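Below you'll find the structure, written out as structure tokens, and then a few comments.
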């Protein structure tokens, strides 16, 4: 989980360095989705602690956020090549 947060922070910094406004705005919207998923994960962690095991929903959220982060990282590489 800490690795995912570190990757998210790295994405946020990289987005700020994008010069093209439209691209930066689109990437910030995607980052907002990632932040919303982190909130969902936080709420689901409460349920996991309550029942003392990881739920299927928690595992699905982790998978979703990992895929989202990978997608945004790929788009950042593409945006860097377009500059």
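Just so it is clear, none of the values below were taken in a lab; they were calculated from the coordinates. What you are looking at is a predicted structure, and each value in this text was computed from that prediction instead of being measured.
Largest first and to the nearest Å, give the Cα extent of the stretch 2-82 along each principal axis.
Over the stretch 2-82, Cα extents along the principal axes are 47, 17, 16 Å.
Could you tell me the extents of the stretch 43-83's C-alpha atoms along the three principal axes, largest first, rounded to whole Å?
Principal-axis extents of the Cα atoms in the stretch 43-83, largest first: 49, 13, 9 Å.
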